[in-house]
Amino acid sequence: MGFATYGRTFKLSSSSVSGLGAPSSGPGPAGNYTREAGMLAYYEVCTQLSGVSQKSNISGKTLPGPRISGN
């Protein structure tokens, strides 16, 4: 068994719609090391998660895991 050690990113079409299934207008910015739009290495994701809430709320259910909002 393995787990993903990378992150996919997307640019939201509208900053006012950021929930699960929100429309995107393309890939997110490239990482400093991967240099590929929409793709971040594990260590690039970790640097962005410093001080971020570790719980998400989707449809009233609290789920464990990182969440970044306001981007």
Here FRET efficiency (C-beta to C-beta, C46 to A22, R₀ 22 Å, nearest 0.05) is 0.40
Amide H neighbours of S24 at under 5 Å, excluding residues fewer than 5 places away on the same chain, with H built from the backbone geometry, are S13
Descending packing, highest mean Cβ count within 10 Å first, for 9-20, 32-43 is 32-43, 9-20
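Readers should treat all values here as calculations from the given coordinates under stated rules, not as data from a laboratory. Given the structure is predicted, the values throughout are model-derived calculations rather than measurements. Because the Cβ atoms are built from the backbone with ideal geometry, glycine has one as well, and the counts that use them run over all protein chains shown.
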